[in-house]
Each structure stands twice: as structure tokens, then as C-alpha cells.
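Throughout, read-outs are computed from the coordinates displayed, never taken from laboratory work. If you're wondering where the values come from, they're calculated on a predicted model, not measured in any experiment. As a convention, Cβ positions derive from the backbone with ideal geometry for all residues, glycine included, and neighbour counts pool all protein chains shown.
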Amino acid sequence: MTSSEVRPDEAVARARRVVGLYGDPDVTWSIVLAVRFAGARRADDVETRAGALVARFPHLGQVPPVRVYAPAEEGELLAAMADAEYRDHEPLLRVGLAEDGRTLLVAAHHGATDGLGLLGAAAALADADLTSSARGITREAQPTGFLRRTVVRLVEVLVHPPVRFAAETSEPASGDLLLSRAVTAPRPSSAALVAAAATSLRRWNGSRRAGGRRLVVSMGLSRRPGTPVAPPDRDTAYVRLPADGITGTAEAADLMRATDPEPAFPETDGGGAGPLAARLLANRLGATVLVSNLGVVADPDVLELRFWPVPTGPSGCALGLASTPTSTVLTVRLRRGWFSAAAGDRLADLVAEEFRALAE
């Protein structure tokens, strides 16, 4: 069924099916983007464009309202956009606009759109040319054989599950920490992001024993380029990188070139098997960290982008990267149940430090 054939009432169910076999029913699957513009946008114009966008792409569900917010409310609104469940018959897009009209917040269910698609949604809402330098991969690069690869992965999680960033929190909590750090990065590459994830894990965990667990970096990939502006849907793959020996950008780049993407997941939860397996194997599934790079957006009206992909797993950690020709922002998204606000800030500072050193 194409997006033009999807009725709004079916949209949320379809988005859930898309991520059904990824497991982890305890996350909202909400990806979040913030774009700061030099020029202001009007809320009524954004609302009109939102209606036109959903009419063209009904897989996005109902037309989202546009929340106009004061500067002091941005953190709270970002948290709500990231943490709130996408309930039946609700919009699969969430939109916020700063009072001065210069910052646009857009979130979406990852089963409805990927990172480049979210950038495309922001382009439509802001009437901006948000093309990205992201090159994507060819469809032929993604292998088939989902069932065979699934068996291999299940053996791996039982024998050598991924190591986690060691938890530092004093009490249980729900939702995610959304952190960002501006970084000076002459070469803000995905390889530098992968290497920073690996070196940061080793520094953060220090002498804590891994217990036979492996350092695995999961990287989101697009099967389409960032130019022209991507439509607000998904055409995504991902790759699992065994990164135990990675200490530098060149090594990470070699590993990325040598590793095939994972097979595409069927759009189903397997009659509930995906979420059930996620709960039974919660401490062993997933990866150490997920990384995603939106590339460089060269529209002169764009001053800064921040992009938060979805972390999964019990100690979920996801790193995002988004750049303009004059700015690069590294984001860190962490599970509150594993990291206090103070610990999250320390980890974000550490990852930013490692990334700056590797991206020089």
C-alpha cells in the first residue's frame, strides 16, 4: 500500500508495524529535529503547510497542531515531543515554532519517516530548501535473508551481547534526556562519530568489566541521497559495526566500508513476537549505541540543526550529528532510567570532546 492509499486512521497502526520486529516496546520511536533559521516563519503559514503536507502524505496521520512556545519552554516541549506515545488516531508529526518564528521543532514516529524524511518534513513546513550532503546507499547494497541473519543475531546476543554505557543514576525515571553540544569540526564525518562512540564508551566505563560483551555501534543509513529534498517518509537501512578495536576515524571508515547493511525488517510485529522477545532479552538486544548523521545542510537561511535519533535497549544511547557550512551540533539522547541529568551532561561533554579530537 502506498502512502497515498493510507487513510489517517490506519497511519499509527502502520507505523507500529514498521518497527514491530525491531522490538523494544518501551520506547516511543519518536525522532526529533530542531532547525534555527535566520528568517522568521509565521505560525499560521506553518499550520497551512502542515495541512497540505499531510494531505499529500496521509501516512503521516492526522494534521498536527503547531505549538507556539516561549524560549524558556523549549526544553519541556522537546521532551514532550520525544517522550509522548503516539496513540491511536493521533498525528505522527509533532510541530513547534518559537515565538520569534526562528526555531522550528519537528518530531515524527520513526515508523512513518526516517531522519532525511524528517528533514524533508521540516523543509515543507518552513518552505525552505533543506537539501543534505548525505549520499545514502544503493538498494543493492542491502542484502536479503532476514530470517537467516536473525538466527545469527540471536546467537550473538546470547553468547556475546553488546556492552552498555555504565549506568549512573540514583532513582528510576521515564523518558529520555535530550542533550546537545556545538562542536568545532572541520570534517564532521560519520566515521568520526562512530570512532567517538567507541572511544567514549571505553573512557566512560573505565575499569568496569565488560563480561564478554562486545562494543557494537549501530548506524542508521538512508537508501536515498539528501539531494533533492527527501519526501517525509522512510527508506532506511542500518549497519551493525563491531567496534571493539576502533580508536580512530580511519579505522572506523575502513570498518564501515567492509560491513554490509542488515537485511530489511518485515513490516510486522510477528503477532507480538517482536515486543515479547525484546522484553525477555531486554539486557542483551540492540547495540551499545546508535549513531546517525544528517549531513551538511547548506541553505544560507539555516543557522543550526539539532537531530536526536531513537535510542533502544535498557541503557539506550543514541548520538546524532547535523551540520551547516558554519556549525555542527552533536546530540546525545539517553534513557533517564539509566542516567541522571548530571551524568548525562558529563557523558555528552565526553563524547563531544572525543568527537572534536577525531574530526580535526
### Message
Please list, ordered by chain and number, the residues whose modelled amide H lies under 5 Å from the amide H of residue 131; skip anything fewer than 5 residues away on the same chain.
### Response
298, 299
### Query
Roughly how many Å is it from the Cα centre of the range 187-226 to that of the range 52-128, as a whole number?
28
### the range 47-110 - share of DSSP beta bridges that are antiparallel (%, nearest 5)
55
#### Entry: Relative packing of peptides 321-334, 43-56 - highest average C-beta neighbours within 10 Å first
321-334, 43-56
### Amide H partners (placed H, <5 Å) of residue 289, local residues excluded
216, 218
### Task
Jot down the per residue volume, in cubic angstrom and as a whole number, of the convex hull over the alpha-carbon atoms of the range 43-88.
74
### Task
Can you tell me the FRET efficiency between residue 244 and residue 55 if r is taken as the Cβ-Cβ distance and R0 is 51 Å, rounded to the nearest 0.05?
0.55
## Note on the structure
Residues whose modelled amide H sits under 5 Å from the amide H of residue 103, counting only those 5 or more places away in sequence or on another chain, are 37, 98
